[in-house]
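Before any comments, here is the structure.
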Amino acid sequence: MNPLRVLLSGGGTGGHIFPAISVANEIRKKYPDTEFLFVGAIGKMEMEKVPAAGYKIIGLPVVGIQRKLSLSNLFFPFKLIASLRKAKKIMKNFRPDVVIGTGGYASGPALYVASKLKIPTLIQEQNSFAGITNKWLAKRVNRICVAYSGMENFFPAEKIMLTGNPIRQDILETVNKKPEALAHFNLNPTKKTLLVIGGSLGARTINIAIGNGLEKFSENGIQLIWQTGKNYFETARAQSKAYEEKGIKAFDFISRMDLAYSAADVVISRAGASSVSELCVAAKPSILVPSPNVAEDHQTKNANALTQVNAAILIRDNEALTRLVSDAIKLLGNNSQQEELKKNIAKLAIPNSAEKIANEIYKLLK
């Protein structure tokens, strides 16, 4: 059998990029001689993250449509036509056996061209509210892998497979790591620990609320692992300096998220699809603060999917400055509520998602 040739496309945010990398890693595990090619959008973070994961990527000039009036929308049709032409050339040169899309406007041209050329196609939708690109592609592709039930509202039911979201391998291995995790962050095992994560760039409202609440955390004997993102880090470092000996630690980025989750008794997070999937697998009592700056308010919809079954607490972004710190302290002091949230969020976990998606890809190839 000739080596498989797999083309993956998606990007713009980590939530679209990392699932694609996880699926590629899963396929490579089973078929090590598979040839991979990623297609992204020029200037977006996939052009850096994909090569760092060991895969080749080609960029398209495609851009997204701005929801507000914008000059860049005038160039959209021209960049789309140029991207479709380039995608066609890539397909003819690479000759993929299957094309996989993980969302974001970068995946639109690649999947559209692949479907026209009758190449087997699969898309993966991470959110509980489908993205515009995936909705547009739904009628053209062969299979649609989703992370939430009820996605028949957006996609043809006969194409849907519930697989969950692929997450980083290390997050699957958080069990029995608490002693190692506490030692890694130099934390006191007799105190409660709160983990705050706002994404790679940070979450402004969350960071401001946490920065304002450091004295309260310290007074209540609460330790803090605070991932601020790059933009807020210098401010957070200055704010937390006086509390470091009390176990309040600020980081711009945490590479060992498996240990961060293991150390945490409670987590505060945005409600992006990947973050929610990680929290489910790690089975952490969580307070979700959905970002208001995302398409179709999809993070609130992701959070609602958990709060409806008492698997998380939701605090809206515009309430965070007044409620976040006090609600977090209250939850950290309520062991029975933590256990209830932990039990319910664990029921939503789908830990072997990348393998399930890879199996759907093998079925398409057969």
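The values are calculated or read from the model by the stated rules, or taken from the named source; none is laboratory data. Predicted, not measured: the structure shown is a model, and the values here were computed from it. Backbone-built Cβ (ideal geometry, glycine too); neighbour counts: all protein chains shown. In case anyone asks, the SASA skips ligands and DNA or RNA and just uses the protein heavy atoms, side chains included. Shrake-Rupley method; radii C 1.70, N 1.55, O 1.52, S 1.80 Å.
Count, please, the residues in segment 250-263 that happen to be farther than 12 Å from GLY198 by Cβ and open to solvent by 30 Å² or more (accessible area, probe 1.4 Å).
Adding up the residues that qualify gives 2.
Residues are listed down the side, and each one gets a yes or a no for (1) part of a helix (DSSP H, G or I); (2) free of Cβ contacts under 8 Å to residues at least 60 places away in the same chain; (3) touching an Asp or Glu at 6+ places or on another chain (Cβ under 6 Å):
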residue: THR205; (1), (2), (3): yes, no, yes
residue: GLU215; (1), (2), (3): yes, yes, no
residue: ILE225; (1), (2), (3): no, yes, no
residue: THR235; (1), (2), (3): yes, yes, no
residue: GLU244; (1), (2), (3): yes, yes, no
residue: PHE253; (1), (2), (3): no, yes, no
residue: SER262; (1), (2), (3): yes, no, no
residue: GLU278; (1), (2), (3): yes, no, no
For residues that are outside any loop (DSSP other than H, G, I, E, B) and over 15 Å from GLY164 (Cα atoms), tally how many sit in segment 102-147.
-> 17
Every residue from segment 169-202 that is in contact with an Asp or Glu (Cβ under 8 Å, 6 or more places away or on another chain), buried (at least 17 other Cβ atoms within 10 Å of the Cβ) and within 30 Å of LEU122 (Cα to Cα) = ILE171
Yes or no: ILE361 open to solvent by 30 Å² or more (accessible area, probe 1.4 Å), more than 20 Å from TYR148 (Cβ to Cβ) and among the aliphatic types (A, V, I, L, M)?
-> no
For segment 216-248, what are the residues that are under 15 Å from LYS191 (Cα atoms) and open to solvent by 30 Å² or more (accessible area, probe 1.4 Å)?
-> LYS216, GLU219, ASN220, TYR243, GLU244, GLU245, LYS246
Of the residues that make up segment 29-36, is at least one among the aromatic types (Phe, Trp, Tyr), at pLDDT below 95 and open to solvent by 80 Å² or more (accessible area, probe 1.4 Å)?
-> no
Considering segment 117-159, residues that are open to solvent by 60 Å² or more (accessible area, probe 1.4 Å) and either in contact (Cβ under 8 Å) with a residue 24 or more places away in the chain or of a type in the set (Asp, Glu) (or both), and then whichever is nearest to ILE17 (Cα to Cα), we arrive at ILE132
Complete set of residues in segment 331-348 that are farther than 12 Å from SER286 by Cβ and small (Gly, Ala, Ser) | GLY333, SER336
Selection from segment 267-289 of residues that are open to solvent by less than 10 Å² (accessible area, probe 1.4 Å) and either more than 18 Å from PHE18 (Cβ to Cβ) or among the β-branched types (Val, Ile, Thr) (or both) = VAL267, ILE268, VAL276, PRO285, SER286, ILE287, LEU288, VAL289
Number of positions in segment 216-258 that are among the small types (Gly, Ala, Ser) and over 26 Å from the mean Cα position of the chain (by Cα) | 6
Hey, can you tell me all the residues within segment 326-361 that are in contact (Cβ under 8 Å) with a residue 40 or more places away in the chain, part of a loop (DSSP other than H, G, I, E, B) and over 18 Å from ALA273 (Cβ atoms)?
-> GLY333
Just a yes or no: is a residue in segment 331-341 surrounded by fewer than 20 Cβ atoms within 10 Å (Cβ to Cβ) and among the aliphatic types (A, V, I, L, M)?
-> no
When the residues of segment 294-328 are filtered to those that are open to solvent by 20 Å² or more (accessible area, probe 1.4 Å) and either touching a Cys at 6+ places or on another chain (Cβ under 8 Å) or of a type in the set (A, V, I, L, M) (or both), which remaining residue is nearest to ILE210 (Cα to Cα)?
-> LEU321
Checked LYS44, LYS29 against criteria (under 25 Å from LEU80 (Cβ atoms) and of a type in the set (D, E, K, R)); the one match is LYS44
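Take VAL99 and decide whether it is in contact with a helix residue (DSSP H, G or I) (Cβ under 9 Å, 6 or more places away or on another chain), open to solvent by less than 10 Å² (accessible area, probe 1.4 Å), modelled with pLDDT of 95 or more and in a loop (DSSP other than H, G, I, E, B).
It is false that VAL99 is in contact with a helix residue (DSSP H, G or I) (Cβ under 9 Å, 6 or more places away or on another chain), open to solvent by less than 10 Å² (accessible area, probe 1.4 Å), modelled with pLDDT of 95 or more and in a loop (DSSP other than H, G, I, E, B).
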